[in-house]
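The values are calculated or read from the model by the stated rules, or taken from the named source; none is laboratory data. All of these numbers come straight from a predicted model, not from anything done at the bench. Because the Cβ atoms are built from the backbone with ideal geometry, glycine has one as well, and the counts that use them run over all protein chains shown. Remember, those area values only see protein heavy atoms, side chains included, never the ligands or the DNA or RNA. Shrake-Rupley method; radii C 1.70, N 1.55, O 1.52, S 1.80 Å.
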Amino acid sequence: MIDLAYKESQPSNIRNCLWMIGDMTNLPFHDESFDGVVTRYTFHHLQHPIQALTEMIRVTAKGGHIVVLDATPHKDKKDAYNHFERLRDPSHTTALYPLELISLSSSCNSSIELVATQSSSLTLDAIGLINRAFPVEVNREELLHLLRSDVGINALDFNARYSNDVSSRLLVSFPQTIVVWKKL
């Protein structure tokens, strides 16, 4: 992924990035090194999201922002959502429901304040999503069957449905929340 990120940045002539592999729970940067820190669709892969958020806060300068965007299933559908996602991608740990994600900061012992939150959904073609999956316990067709079986039920919290156009593609929508904190 690091090599791909580097290659993708070249046509845009991006020169202010350093591409490296690191541990989010032990970032290799000095305190208050950055004006802002952003992570996108990462927390549901982490074993220790509170430690990662604590590190993000540590490396953010006072007055800077910490931004987390991640999948956030409905509280009542969280278990089913996470079960499906673990079948699709074994690196998935746990997607938190929105209030859980927002509340992570209360465990960080840092002086940050909540600036903004917004929940929405990201709509994707289900077949494309499954083709990019890394299933181990099931095959791709079984994953598609689970999504097709959930059309009109939404027990998995993917809002699986068929498009209204001629293609009648199977679509899914990931619930997601963006949270922004400011370091005081």
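Do the conditions hold for Leu156, that is, is it in contact with a Lys or Arg (Cβ under 8 Å, 6 or more places away or on another chain) and modelled with pLDDT of 95 or more? In short, yes. Of the listed requirements (1) in contact (Cβ under 8 Å) with a residue 40 or more places away in the chain; (2) not in a strand (DSSP E or B), Asn159 misses just one: (1). Against the numbered list (1) touching a residue at least 40 places away in the same chain (Cβ under 8 Å); (2) closer than 28 Å to His30 by Cβ; (3) of a type in the set (A, V, I, L, M, F, W, C), Ala52 comes up short only at (1). Note on region 162-175: residues that are part of a loop (DSSP other than H, G, I, E, B) and either buried (at least 19 other Cβ atoms within 10 Å of the Cβ) or polar (S, T, N, Q) (or both) amount to 4.
Of all the listed residues (His145, His83, His74), the sole one being closer than 21 Å to Gln47 by Cα and either out of contact with any strand residue (DSSP E or B) (no Cβ under 8 Å at 6 or more places or on another chain) or exposed (fewer than 12 other Cβ atoms within 10 Å of the Cβ) (or both) is His83. Scanning region 97-108 turns up one or more residues that are within 18 Å of Phe158 (Cα to Cα), within 17 Å of the chain's Cα centre (by Cα) and crowded, with 16+ Cβ neighbours inside 10 Å. Residues that are open to solvent by less than 50 Å² (accessible area, probe 1.4 Å) and within 24 Å of Gln51 (Cβ to Cβ) were ranked within region 111-139; the one that is farthest from the chain's Cα centre (by Cα) is Ile112.
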